[in-house]
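> Here you go, one structure.
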Amino acid sequence: MDELLKEIYNEHLGMVGEGHVADYIPELAAIDPNQYAIAVTTIDGQEYMIGDYETRFTIQSISKVFTLALLMKQMGEDIWHFVGREPSGTTFNSLIQIEQEKGIPRNPFINAGALVITDRIINYNSKPKHVILEFIRELAGSDDIYFDKAKALSEFDTSYTNRSLAYLIKSFGNIDNDIEEVLDVYCHQCSISMNVVELAKSSLFLANSGRNIYNGNQIISPTATKRINSLMLTCGLYNEAGEFAYRVGLPGKSGVGGGIVAILPGKLSIAVWSPELNKHGNSYRGISTLEAFATKLGISVF
Ligand code: GLN
């Protein structure tokens, strides 16, 4: 595995300058686009890493996987009354379908769906930010994971589209709490900072039928785990989910910080980080890295 990661890393080292880092959140704009890291964790406890694997970045929309898992654990199947499970075919922060589909977001991984999930987490937990952070710390097997407050604040102050989305959803009655509170929790979950090793570890329960190998706890049921992986495959990369499934063949979730995680059920999780994004808001070097990894190892869920 070390040799394979080295080969893929070297093949992709020069792959920069084909996109742009996210700059609609001011605090993300200054990031060094050359940074690049890969980490693999296996359900029997092996860890492999290469590149800038000690550098933390904000997980952004990858947090939507963790908030979905947390709410499924707390609410079960009832969540499907207020969020769908179909690919949207739209950009991650699109407003169009919310009006057409009367406030029910297509899936939990577009921003509209994630805002609704966060709203219900606020209903179920008196200290929602704390509960989300502790949940992710448990998954990663580490207490050394924090919010990046500057990035959370920067996003909160400039959340024009997300604020519009949230108000539109609330106008249809599908958000219970104060919009500013929902946005505050949402921007904090997006600002959680991890390196690729921590990110691979915190996603590993999805490769292990919902069980956390670091403390032995069953986090969510095997069925709920299957459902989250299925949603990642069909919706995890927004309007590039089909292309990602075609090229990589694994459930995955991206964030505009440049991270992507992918899951090989029964075996491993892999996290890649490279901050430059393509027009869909996904890391193009990250996708290419995952494609090479899956192809060279001959793995996929199919
Ligand atoms: N915090 C970001 C936003 O809401 C997350 C988007 C993403 O990572 N795709 O715009």
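> What is the ratio of the Cα radius of gyration of the stretch 232-287 to 2.2 N^0.38 Å, with N the residue count, to two decimals?
Compactness ratio reported: 1.00.
> Now for a different question. Once phi is turned into ³J(HN,Hα) by the Karplus curve 6.51 cos²θ - 1.76 cosθ + 1.60 with θ = phi - 60°, what whole-Hz value does each residue of the stretch 14-24 show in order, with x for glycine and proline?
x, 7, 9, x, 9, x, 9, 6, 5, 10, 6
> Sticking with this structure for a sec: Count the net charge of all other residues whose Cβ sits under 9 Å from the Cβ of ARG85, scoring Lys and Arg as +1 and Asp and Glu as -1.
+1
> I've got another one for you. Loop only by DSSP, 15 or fewer other Cβ within 10 Å of the Cβ. Give me the chymotrypsin sites (Phe, Trp or Tyr not before Pro) in the stretch 97-189 that pass, ordered by residue number. List each step's numbers first, then the result.
Numbers: sites: PHE109, TYR124, PHE135, TYR146, PHE147, PHE156, TYR160, TYR167, PHE172, TYR186; in loops: PHE109, PHE172.
Of the chymotrypsin sites (Phe, Trp or Tyr not before Pro), the ones in loops of the stretch 97-189 whose Cβ has at most 15 other Cβ atoms within 10 Å are PHE172.
> Report relative contact order for the stretch 25-71 in percent, whole number only (criteria: Cα-Cα under 8 Å, sequence separation at least 6).
Computed over the stretch 25-71, the figure is 26 percent.
> Quick one: plug the Kirkwood hydrodynamic radius of the stretch 1-124 (C-alpha pairs) into Stokes-Einstein at 37 °C, 0.692 mPa s, and report D in µm²/s.
Roughly 188 µm²/s, to the nearest whole number.
> If you don't mind, there's one more thing I want to ask. Around ILE25, under 13 Å between beta carbons, what's the net of Lys plus Arg minus Asp minus Glu among the other residues?
Values: positive: LYS151; negative: ASP23, GLU27, ASP148, GLU155, ASP157.
Its environment carries a net charge of -4.
> Residues with amide H under 5 Å of ARG211's amide H, sequence separation 5 or more or different chain, H placed in the peptide plane at 1.01 Å from N; which?
So ARG211 has HN proximity to ILE219.
> Sequence gap at least 6, Cα distance under 8 Å: using those rules, report the relative contact order of the stretch 161-256 to the nearest whole percent.
Values: 63 pairs, mean separation 13.4, N = 96.
It comes to 14 percent, rounded to a whole number.
> Give the cross-link partners of LYS201 among the aspartates and glutamates, using a straight C-alpha distance below 19 Å as the criterion and excluding same-chain residues fewer than 8 apart.
Cα-Cα hits under 19 Å: ASP2, ASP44, GLU47, ASP52, GLU54, GLU134, GLU138, ASP143, ASP144.
> Please give every one of the lysines within straight-line cross-link reach of LYS102, meaning a C-alpha to C-alpha distance under 25 Å, and leave out same-chain neighbours fewer than 8 residues apart.
Counting by Cα, and skipping residues close in sequence, LYS102 has these lysines nearby: LYS64, LYS170.
> If you don't mind, another one. Work out the length of the dipole vector of the chain about its Cα centre, built from +1 on the beta-carbon of each Lys and Arg and -1 on the beta-carbon of each Asp and Glu, and round it to the nearest 20 debye. Mind dumping the intermediate values first?
Working: 25 positive and 35 negative charges, 162 e Å.
The calculated dipole for the chain is roughly 780 debye.
> More than 16 angstrom separation, counting every C-alpha pair in the stretch 172-281; what % is that?
Counting pairs separated by more than 16 Å, the tail of P(r) holds 65 percent.
> For the chain, what size does the Cα cloud have along each of its three principal axes, sorted from largest down, in whole Å?
Over the chain, Cα extents along the principal axes are 53, 41, 35 Å.
> Just add up the charged neighbours of ILE220: K/R +1, D/E -1, any other residue whose Cβ is under 13 Å from the Cβ of ILE220. Spell out each step's value before the answer.
On the way: positive: LYS73, ARG211, LYS226, ARG227; negative: GLU77, GLU138.
Net local charge, ILE220 excluded: +2.
> Going Cα to Cα from LYS296, which lysines come in below 18 Å? Please leave out same-chain ones fewer than 8 positions away.
Excluding near neighbours in sequence, the set is LYS6, LYS267.
> Further question on the same structure: What is the set of long-range amide H partners of TYR146 at a cut-off below 5 Å, with H atoms built 1.01 Å from backbone N?
SER193
Values in this text are rule-based calculations from the coordinates and carry no lab data. All values derive from a computational prediction rather than experimental measurement. Neighbour counts run over all protein chains shown; Cβ positions are idealised from the backbone, glycine included.
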